[in-house]
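This report refers to the structure that appears directly beneath it.
The values are calculated or read from the model by the stated rules, or taken from the named source; none is laboratory data. Note that the coordinates shown come from a computational prediction; the quantities given were computed from them, not determined experimentally. Glycine gets a Cβ as well: all are built from the backbone with ideal geometry, and neighbour counts include every protein chain shown. Please note that ligands, DNA and RNA were not included when accessible areas were found on the heavy atoms of the full protein model with its side chains. Shrake-Rupley method; radii C 1.70, N 1.55, O 1.52, S 1.80 Å.
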Amino acid sequence: MNQGYPDARIPVTPVLSSRSLRGARGPHIAAITDAASVRLVTSGRIALALAARAMRLAPGDRILVPAYHSMSMIPPLQAGGVETVFYRLRPDASADLDDIAARLDDRVRALVVVNYFGFPQKLAEIRAFCDRHGIMMVEDCAHSFFGASGGQALGSFGDYAIASSMKFFPIYEGGALVSARHPLDAAALRSGGAGFELKAGLAAVERGMAFGRLPLAGALLRLPLTLKGVLWNLLKRRRGAAAAAALTPSSSDSSYGFDPAWLDKRSSLFSRMVLKLAPRRAMCEARRRNYLALAARMQALPGCRLLFPLLPDDVYPWAVPVVVDDPDALFPALKMAGVPIIRFAESLWPGVDAALCPVSAALSRQVLAFPCHQELTDAELAWMAGTIESTAAPRRAPE
Ligand SMILES: *Cc1c(COP(=O)(O)O)cnc(C)c1O
């Protein structure tokens, strides 16, 4: 995955630390899991497949998907023989409703919209469009676990909404399917098994330790973690590496894979506890503060501009997306320096190109997003901003 680059020096997603569960919980901030019906599963992609199932999409039905997307979104939507049709975005990353209208036919049953990087689409307008055309709306809140638009919670505009909890909480696995409008199938989710439950908790602790968090827990857990390693190796020998790997979903290993074996599995107890105990207010305020601090410095750099010039109230961003003029030079230089970069939509589904949507093709190449999550320390943020500045605008030595 790393293509010869060193590991990022600071965590690209939230890591468990001694402050993960401390801080202000209220006043309340809207979260997609506040919906009337909620299913906590192991990833956002599993939630997308369950959304397609809940909408009773049949083979040959069509679903409209943005040309700017994560590859991980497509196989779950296609799983039941459903055809994905890609639509264009406008330069501000909003869904192009004229293009969408032109692609409607009597096989199109639903529209997926993504609140990119946490910034809401024109959701009321899209909701009205879907109602007018008799199609269902799926709100992909993988980047917008929290927040509201015009006073209405994100995730409540769509018939169904999905989240990727791993992107917001210091957990190893987690996603959600929710609906504010329809009861969800009561078919019970099952536990992923004891091996999965154990791995989910210990993997989160291990990751925290790898980034210098949890010194005390680390010391206490050295023995259990060693034991886990021993047990894991034993299992691999006894049952084969494939069987051991099947204990945990590949969605947790930054792959795009979709494994239907996880469709009926509940998120781990560890992840569900963290979702319940995490201090929402503190997490959300930290994300906004970090976003604003980083965005102010990125905005001033030559050859860089913010994808979203303003941070509206009620937006709790996933990351800071920067549109850069020369990604082919900047991206490798930043990666070599150990800067964590989220390159959302770096690869697009085969057939999605500049002819289909010039905006998506450009964003997929030019947007470099930097983390602003709640677990970054001030020193880490300062290092990241300083490193990006000195790489993007190196000071010339005096002649
Ligand atoms: C990450 C992502 C998903 C899938 O979420 P996972 O939890 O990784 O399965 C879906 N949609 C978008 C827009 C994403 O960025």
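Out of all the residues in region 111-140, which are within 16 Å of the ligand (Cβ to nearest atom) and over 10 Å from Gly158 (Cα atoms)?
Across region 111-140, the qualifying residues are Val114, Asn115, Tyr116, Phe117, Gly118, Phe119, Pro120, Gln121.
I'm checking my understanding of the structure. Among residues of region 264-284 that are assigned to a helix (DSSP H, G or I) and small (Gly, Ala, Ser), which one is farthest from His373 (Cα to Cα)?
Just the residues of region 264-284 that are assigned to a helix (DSSP H, G or I), to begin with: 269-277, 280-284.
Subset that is small (Gly, Ala, Ser): 271, 282.
On the way: Ser271: 17, Ala282: 11 Å.
That would be Ser271.
Could you check Arg238 against (1) open to solvent by 30 Å² or more (accessible area, probe 1.4 Å); (2) within 29 Å of Ala392 (Cβ to Cβ); (3) more than 22 Å from the chain's Cα centre (by Cα) and say which number it fails?
The one condition Arg238 does not meet is (2).
Looking only at region 35-54, filter to residues that are assigned to a loop (DSSP other than H, G, I, E, B) and open to solvent by 10 Å² or more (accessible area, probe 1.4 Å); which one of those is nearest to the ligand (Cβ to nearest atom)? I'd like the intermediate steps shown before the answer.
First pass over region 35-54, keeping only residues assigned to a loop (DSSP other than H, G, I, E, B): 35-36, 42-43.
Filter once more, keeping what is open to solvent by 10 Å² or more (accessible area, probe 1.4 Å): 35-36.
Working: Ala35: 17, Ala36: 22 Å.
Filtering first and then ranking leaves Ala35.
Quick check on this structure: which one of Ala244, Ala261, Ala295 is open to solvent by less than 20 Å² (accessible area, probe 1.4 Å), at pLDDT below 95 and not in a loop (DSSP other than H, G, I, E, B)?
The unique qualifying residue is Ala244.
Name the residue, out of Phe117, Phe129, Phe146, that is surrounded by fewer than 24 Cβ atoms within 10 Å (Cβ to Cβ), closer than 24 Å to Val322 by Cβ and touching a Leu at 6+ places or on another chain (Cβ under 8 Å). Full working, then the answer.
Values: Phe129 fails: closer than 24 Å to Val322 by Cβ; Phe146 fails: surrounded by fewer than 24 Cβ atoms within 10 Å (Cβ to Cβ).
Testing whether each residue is surrounded by fewer than 24 Cβ atoms within 10 Å (Cβ to Cβ), closer than 24 Å to Val322 by Cβ and touching a Leu at 6+ places or on another chain (Cβ under 8 Å) leaves just Phe117.
Search region 56-78 for residues being more than 13 Å from the ligand (Cβ to nearest atom) and open to solvent by 10 Å² or more (accessible area, probe 1.4 Å), and hand back the single one that is farthest from Leu348 (Cα to Cα). Show your work before the answer.
Residues of region 56-78 more than 13 Å from the ligand (Cβ to nearest atom): 56-64, 78.
Then drop every residue that is not open to solvent by 10 Å² or more (accessible area, probe 1.4 Å), which leaves 56-62, 78.
Working: Arg56: 26, Leu57: 23, Ala58: 25, Pro59: 23, Gly60: 22, Asp61: 22, Arg62: 19, Gln78: 15 Å.
In this case the residue turns out to be Arg56.
Condition first: in contact with a strand residue (DSSP E or B) (Cβ under 8 Å, 6 or more places away or on another chain) and outside any loop (DSSP other than H, G, I, E, B). Now tell me which residues in region 174-204 satisfy that.
Gly175, Ala176, Leu177, Val178, Ser179, Arg190, Phe196
Assess whether Gly155 counts as being over 12 Å from the mean Cα position of the chain (by Cα), more than 16 Å from the ligand (Cβ to nearest atom) and on the phi > 0 side of the Ramachandran plot. Give the derivation first.
Values: over 12 Å from the mean Cα position of the chain (by Cα): yes; more than 16 Å from the ligand (Cβ to nearest atom): no; on the phi > 0 side of the Ramachandran plot: yes.
So Gly155 does not fit the description; no.
Tally up the residues in region 52-66 that are more than 22 Å from the chain's Cα centre (by Cα) and farther than 21 Å from Asp185 by Cα, please. Talk me through it step by step, then tell me what you get.
Keep residues of region 52-66 that are more than 22 Å from the chain's Cα centre (by Cα), which gives 55-62.
Restricting the remaining residues to those that are farther than 21 Å from Asp185 by Cα gives 60, 62.
Going through region 52-66 one residue at a time, the tally reaches 2.
Which of the residues spanning region 334-368 are in a helix (DSSP H, G or I) and either surrounded by fewer than 16 Cβ atoms within 10 Å (Cβ to Cβ) or hydroxyl-bearing (Ser, Thr, Tyr) (or both)?
Within region 334-368, the first condition is being in a helix (DSSP H, G or I), and the residues that meet it are 334-336, 358-366.
Of everything in region 334-368, those that are in a helix (DSSP H, G or I) and either surrounded by fewer than 16 Cβ atoms within 10 Å (Cβ to Cβ) or hydroxyl-bearing (Ser, Thr, Tyr) (or both) turn out to be Met336, Pro358, Ser360, Ala362, Ser364.
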